[in-house]
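The values are calculated or read from the model by the stated rules, or taken from the named source; none is laboratory data. Since this is a predicted model, take the numbers as computed values, not measurements. Cβ placement follows ideal geometry from the backbone for every residue including glycine, while neighbour counts extend to all protein chains displayed. SASA here: full protein model, heavy atoms, side chains in, ligands and nucleic acids out. Shrake-Rupley method; radii C 1.70, N 1.55, O 1.52, S 1.80 Å.
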Amino acid sequence: MEAVCIGAVTVMALLEQSVFSLQVIYARRKYSVAPPATSGPPAFERIFRAQANCSEYFPIFITALWTSGVFFSEGASALCGLFYLYGRLRYFWGYAQSPQGRLAPLYFSAQILWLLIGFSSLGVFFSFCRIYLNLDLVHMLCSVLGFV
Amino acid sequence: MEAVCIGAVTVMALLEQSVFSLQVIYARRKYSVAPPATSGPPAFERIFRAQANCSEYFPIFITALWTSGVFFSEGASALCGLFYLYGRLRYFWGYAQSPQGRLAPLYFSAQILWLLIGFSSLGVFFSFCRIYLNLDLVHMLCSVLGFV
Amino acid sequence: MEAVCIGAVTVMALLEQSVFSLQVIYARRKYSVAPPATSGPPAFERIFRAQANCSEYFPIFITALWTSGVFFSEGASALCGLFYLYGRLRYFWGYAQSPQGRLAPLYFSAQILWLLIGFSSLGVFFSFCRIYLNLDLVHMLCSVLGFV
């Protein structure tokens, strides 16, 4: 119940993904591409692939967001989550316009995702040391750096 | 451990998704479409797309189900989850028969998903107000409506 | 915070999925298949489909891993998770070499996934009996088998 910031980012991610799905439906109508076909004019294929790519990364993002939020830091994860969603929004609109337009925001989102995966790894590693080796690395680090 | 109803719906979702995956394997054999090809007779492509669409929405559904279950109401979420899974079952069999057959259950599932996303949003918003603004909107609403 | 073993498997799954995504990017460059196209030489299509298949099963795996870990047993789920990730690694490299090469590790991963779904079902069923029927089946089973 206390992971409300991560919950808020999760809701935003759900809404963003819903908007992308609606865009594919509009593009299917606009370019007359009836299901189950997934190929058509380049403009349709770009929107279709943009949504497919965002969908593919959605579970990875949500998993990294929560693992990082639970084991590392709620605030840092929520902030990264907001940046990721912003990057994905720019990626979708960039890709809808041209294949080149997707690149910059794609690299940005990928970097944020790596950050979340890095936070998750650190968080799990620290928890592991604390629970199984009785070794509080975070506290030790703070002591060494003179924060405590 | 207390979110056992959401857990039960999650298990049903996993089983349903497994059944859909098996259907694609059977269709690959029946219509002789060997991997990595994903195109073939329309009957195969419909089953392939039906499963792909359900897979695509699976993480969105699970995320909305748990966010809504944790932050809003376990019972309401579990009930919506059951309706969603029923809609997806009808969607899969409808799409396997004809592109038209997928439409009604698709709209039904989409509406249930919107409901779950709406519950998630409300739940997170109420939790946010309670934790950060010390404002119990649910209690206030009940008071105003004369329930308390 | 105590589900640190499941957390560790989750982090490994995220890293594995990231590696597969990078492989598709390398294959796109190597075989000159610029997005949004997804078809090209068979060697590219195999890598593309291998990654797509792993991505498709990623949310199912993560959901089964956590449901099984929370409701059944953390240790058993984490162990299954490790086997699943190893199977997926062999599947990816096998598929990259030939369509035949994917079969053995695919069946292996699928069996592990069924095990995780089975554990989840049992775990949810036992929790359900304990909470709603006040019936501790695990304790009863241990008594019958003479473990308690």
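Please work out whether the protein assembly as shown counts as rounded, prolate or oblate from its C-alpha gyration tensor, where a ≥ b ≥ c are the square roots of the eigenvalues and a/c under 1.5 means rounded, while otherwise a/b larger than b/c means prolate and anything else oblate? Because its axes are fairly even, with a/c under 1.5, the protein assembly as shown counts as rounded.
For B:Cys129, the point set 7 Å out from Cα toward Cβ sits 4.3, 4.3 nm from its twins in the other copies, listed from shortest up. Position B:Gln111: other-copy label points at 4.5, 4.5 nm, ordered by increasing distance, label point 7 Å along Cα→C-beta. Find the centroid of the Cα atoms in region A:26-60 and in region C:73-108, then give the distance between the two in whole Å. Rounded to whole Å, the Cα centres lie 30 Å apart. Taking Lys and Arg as +1 and Asp and Glu as -1, the other residues whose beta-carbon sits under 11 Å from that of C:Arg102 total +4.
Peptide C:59-71 shows a mean partner chain C-beta count of 6 within 10 Å per residue C-beta.
For chain A, the residue among A:Thr38, A:Ser120, A:Leu22 whose Cα projects farthest onto the positive side of the dipole built from Cβ charges is A:Thr38. From helices alone, chain C scores -28500 deg cm²/dmol at 222 nm; the rule is -39500 (n - 2.57) for each run of n ≥ 4 DSSP H residues, then divide by the residue total. Counting Cβ atoms of other protein chains within 10 Å of each residue's Cβ and taking the mean over peptide C:32-39 gives 5. When each copy gets a label point 7 Å from Cα toward the beta-carbon at B:Leu15, what are the spacings between them in nm, shortest first? Ordered by distance, the counterparts are at 3.6, 3.6 nm. A DSSP coil position with no more than 15 other Cβ atoms inside 10 Å describes the following GluC sites (Glu not before Pro) in region C:1-72: C:Glu2. Sites listed here are chymotrypsin sites (Phe, Trp or Tyr not before Pro) in region A:74-148 whose DSSP assignment is loop and whose Cβ has at most 13 other Cβ atoms within 10 Å: A:Phe147.
The mean number of Cβ atoms from other chains found within 10 Å of a Cβ in peptide B:10-20 is 5, as a whole number. In this Cβ point-charge picture (+1 for Lys and Arg, -1 for Asp and Glu), region A:1-142 has a dipole of about 660 debye about its Cα centre. Nearest beta carbon of chain C to the C-to-A rotation axis, with distance in whole angstrom: C:Pro59, 2.
Based on a Kirkwood Rh over C-alpha pairs, give the Stokes-Einstein translational diffusion coefficient of region A:1-93 at 4 °C and viscosity 1.567 mPa s in µm²/s. Stokes-Einstein gives a translational diffusion coefficient of 91 µm²/s.
Think of the protein assembly as shown as a dipole: +1 on every Lys or Arg Cβ, -1 on every Asp or Glu Cβ, centred on the Cα centre; then among B:Asn53, C:Ser109, B:Leu79, B:Asn53 lies furthest on the positive end. In terms of accessible area, using a 1.4 Å probe and ignoring ligands and nucleic acids, C:Leu122, B:Leu79 rank largest first as B:Leu79, C:Leu122.
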